[in-house]
Every structure is written in C-alpha cells, then in structure tokens.
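Right, one structure below, let's go through it.
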Amino acid sequence: MSTATIAPSPSVTVDNSCSDRPSAPYTNFNQITHEQFQQAADHMKLEREIQLLLRTPYRELIVQIPVRMDNGRLELFYGYRVQHNAVRGPYKGGIRYHHEVDLNEVRSLAALMTWKTALVDVPFGGAKGGITCDPTNMSRNELQSLTRGFTQKIDMGLGIYRDIPAPDVGTNAQVMAWIMDEYGKKHGYTPAIVTGKPVNLGGSLGRDQATGRGVMIVTREACKAFGVDIKNARIAIQGFGNVGSWAARLISNLGAKIVAVSDVKGGIFAEKGLDIDKVLTHVASTGSVVDAPGTQPVSNEELLMLDVDVLIPAALGGSITDKNVDDVKAKLIIEAANSPVTPSADARFLSRGVRVVPDILANAGGVTVSYFEWVQNLQQFRWDLDKVNHELEQRMISAWNAVHFRHTNENISLRLAAYTEAMMKVAEASRQRF
Ligand code: NAD
C-alpha cells in the first residue's frame, strides 16, 4: 500500500495496485500460519495449555457496513477485525481493503502480527482487519463512508491501549485519517488510535519507507552472514508497491544490482542493473514498471526463476509454491510480503540449502515504526527522521542477531528460529499472566 503521501486533491488516494490480483495459488493462509506455529510449538516443546492460548484468537468481529453508493443504491459490505493476542500489549495490525479479504485470511494475518511484534520486541500484541471490497472501483466518498461505517462498528474494540489499526494492502494514510477523525467524534482528539497517519496529523516521519528499510537491513545482514557480497549481489524483487519500491531504492543505494522488478502488470529486467530512480519516474507517469526505458520485459513467473543471488517477494502471499519452488535459483529469499512461500515450498528450500528470511522478521520494520508513531503521539512530541531510522536499525539488527544466533546454534531454519524466538516471549508473558 502506498502510505507515503495523501493527495491534496479530492481524487481517490487509496492504492489500487492490487486490484486485479489473481487468485493466490495457496489461499488457505490460516493453514500456512498454523503449520508454522505448530512446528515451532513442537520444537519448543510448548505445553498444551499455552499452545491453546496462543493458537486461538481472543476476539473475532464480523460487521455489516451499509454504504449508500454514489448511484443511490445501498450496498452492504462485510468487515472483520480479529484480535489474536494481547498478552504483551495492545492489539496492533493493519486493515486491508481487497476483494479477496475473508475471515480466514484476516485471522492468519492477525496471528502473524502477534509473532512479529514479539520478535522486534515492541510492546504490542497482534490483530488484523479488513473489508471485502474493491477499493479501485469506489469513489473517494464511497470509501470514506465505508471507512467511517467500519470504524463505528468496531469502535467498542478500539482504544489507544486496546487496539490500534494501521494501513495494509488497499488502505493508506488517508484511510487512517478518516478512522482517526471518526473515532475522535466520539472520544475526542486521539491521534494514537491509528498509525500510518499523514505526518500532518501526527504520523511519524519515516513510516512510509519503514518496511522497505527493514527489508534492506535484513537483506544486508543476511548477505553478510551467508557470504554474499552485497556490493556485487544480483537481486530480483517481485512487487513494486510501498514495500518493494522502497526496498529496491535502499538496497540499490548499498551498491547491489537490482536486475529485475515487477508489479501486477508485469516485470522489467536489465542485466547490468536497473536505475531505480528512473523506474520510479516511469511508474509515477505510467502507473507501472512495464516498458520502463532501457529494460527488457520479464513476466512475474520468470522473475522468480532468474539467476540472482537474492530474491525478494514483496507482492502477495502464496507466490512460491511446490509448483515453482524448484525453478527458483536464488540461494537467499527475503520474505518482504506476508506468507509468500508456502510450507511445502519452504520445506523444499530447506532441503536444497536455500535460506529464507521469514516475513515476521523481514517485514517487521513497518510495525516497528508504527510503534514509534504511537509513542510520539502519546508523548505529543515529534522525532526527527534520523532518530526514527536509528531506532529502527537497532531493533531490526537486534531481532536479526537473535534469529541468526538461534538458527546457527540450534541448526534450525531461520523461520523456525524466528517463530521460536517470538513465541517464547508470548508464551512467557502468558505464563506470567495466567
Ligand atoms: P502495495 O499494494 O503498495 O504493493 C503491492 C505490489 O505488488 C504492487 O506493485 C502490485 O502491483 C504488486 N502485485 C500485486 N499483485 C501482484 C501479482 N499477482 N504479481 C506481481 N505483483 C503483484 O502493498 P505493500 O504495502 O507494498 O505490501 C506488499 C506486501 O508486504 C503485502 O504482502 C503486505 O501485507 C506486506 N507488508 C506490508 C507492510 C507495509 O508497511 N506496507 C508491512 C508488512 C507487510
């Protein structure tokens, strides 16, 4: 999602890059996260009662949102908010607007948030929300009514020390501003109720680039740990939205060659490395990376199979499955998207010695700076960009070090190491509370 700016004009600002998202080949996301949870629970020999507590969401809300559309018709939408776990702090997680949103997906993403916040040691739990809708086919007014209606319906579960939403795919800073405004009508001025807001309304500097920056940090650290010279590394990135484009920009600043990037419309390739600034200019004028000058076309499927050192899936869940995993040539995968590698593909990677830096570590930069935003709102004080980036760097490095140490010490995959590290913290907090 593009949280970088809000358009000053009344045009619709909700990102639409995922509008024609094809059905993911592996849609049971809840099964993915459940399998990953279970592997870690078995590895940790986690007691059964704590397993039950950690596996089960605390609260699941399904709400009806009637919206009077511009054509006068009343349309009914369904929204979800799943609060998975809050033993370490208030529920925290994004809100997704997409036509494939369902309770199953939201439930799975909520659990991921619990592990992610624990891994980077921010005092939050995990939640996720979503509305089944196609934001690309809705006007600004319709989106505003939908967002305000949703906020009213989930109001009873929200609170600055209870549940703090954020943007996700299909939502952005403008949507967060509407949520803050609607919540404020009932509770008074409360900027800390959402993160990912416009900077002008209390958003944090650096939040727009935070997830991509976190991806850059773990890519750099993983390259160092596994003997890849980042200055000469060849890298392909699938997805050129908020996360993929910032990751491309920041990683190319380290000297790496980004040889291919893609979006929903297709991809581009340049043997000597893409000029990311020029690609960004092309995207700003055409809306896609496709046909950027001086590049060759490559399909999304071909991009995954390129002869590169590092592959960064930064689009959607389920892009690497047992159907294409054996064609992937990269030896290092950085999961910038949530759940891009299915469990069976993950097992293949493990047996082939391919290292996968898991989503709960690779894309945790976003929630980390969301935490900084919340802290700044509570302090009523703005940090400068250097401070935000410095604090982010420290949190990401410390999470990376803990995962890498466990990976090496226990001879387990990076994913199992990350889940174990995160679940230990949540389990310990549960034992102390119950
Ligand atoms: P976005 O909507 O800004 O960008 C998504 C990109 O993927 C776009 O370039 C889009 O064209 C492309 N895309 C969509 N369908 C595709 C397909 N089938 N094949 C190839 N490309 C496709 O979203 P984002 O915020 O960049 O999020 C990307 C991923 O990162 C999501 O999985 C999201 O949940 C995850 N994530 C995002 C954040 C954040 O702060 N933005 C934080 C954590 C995780």
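For the range 380-434, which trypsin sites (Lys or Arg not before Pro) are both in a DSSP coil and crowded by at most 12 other Cβ atoms within 10 Å?
When the trypsin sites (Lys or Arg not before Pro) of the range 380-434 are filtered for loop state and at most 12 Cβ neighbours within 10 Å, nothing remains.
Let me know the charge dipole size of the range 210-362 about its Cα centre in debye, to the nearest 20, where only the beta-carbon of Lys, Arg (+1) and Asp, Glu (-1) is charged.
400 debye
Less than 16 Å apart at the alpha-carbon level, and either on another chain or at least 8 residues along: which lysines does that give for LYS128?
Partners within reach: LYS92, LYS116, LYS153.
What is the gain in length, in nm to one decimal, between SER344 and GLN394 on full extension, counting 0.36 nm per residue of separation less the C-alpha to C-alpha distance?
Extra length available between SER344 and GLN394 comes to 14.7 nm.
Using the 10 angstrom Cβ neighbour count as an exposure proxy, how do HIS99, HIS187, HIS282 rank, fewest first?
Least to most surrounded, the residues fall as HIS187, HIS99, HIS282.
In deg cm²/dmol and to the nearest 500, what is the mean residue ellipticity at 222 nm of the chain if only DSSP H runs of at least 4 residues count, each as -39500 (n - 2.57), divided by the residue total?
Computed ellipticity for the chain at 222 nm equals -14000 deg cm²/dmol.
For LYS186 and ILE62, what does the FRET efficiency come to when R0 = 22 Å and r is the distance between their Cβ atoms, rounded to the nearest 0.05?
0.55
Take LYS278 and LYS231, extend 7 Å from each Cα along the Cα→Cβ direction, and tell me the distance between the two endpoints in nm.
Simple spin-label model gives 2.4 nm for this pair.
On a full-extension model of 0.36 nm per residue, what is the gain between ARG48 and ASP386, subtracting their alpha-carbon distance, rounded to one decimal in nm?
Residue separation times 0.36 nm, minus the Cα-Cα distance, leaves 117.2 nm.
Treat the count of other C-beta atoms within 10 Å as a stand-in for reagent exposure and order SER413, SER351, SER262 from fewest to most.
SER351, SER413, SER262
When only DSSP loop residues count, what chymotrypsin sites (Phe, Trp or Tyr not before Pro) in the range 293-386 have their Cβ near at most 12 other Cβ atoms within 10 Å?
Filter output for the range 293-386: PHE381.
Within 10 Å of each residue's Cβ, count the other Cβ atoms and sort THR147, THR132 from fewest upward.
Taking fewest neighbouring Cβ atoms as first place, the list is THR132, THR147.
Just report the Cα centroid separation between the range 29-69 and the range 82-98, whole Å.
11 Å
Quick one: which residues, 5 or more positions from PHE77 or on another chain, have an amide H under 5 Å from its amide H? H modelled 1.01 Å from N in the peptide plane, none for Pro or chain starts.
Answer set, sorted by chain and number: ILE65, VAL67.
Just grab the label-to-label distance for LYS323 and LYS265, each label 7 Å out from Cα along the Cβ direction, in nm (one decimal).
2.5 nm
Each reported figure results from applying straightforward, stated rules to the coordinates on display, with no laboratory input. Remember, predicted model here, so these are calculated numbers, not experimental data. No Cβ is skipped: glycine too gets one built from the backbone with ideal geometry, and neighbour counts run over all protein chains shown.
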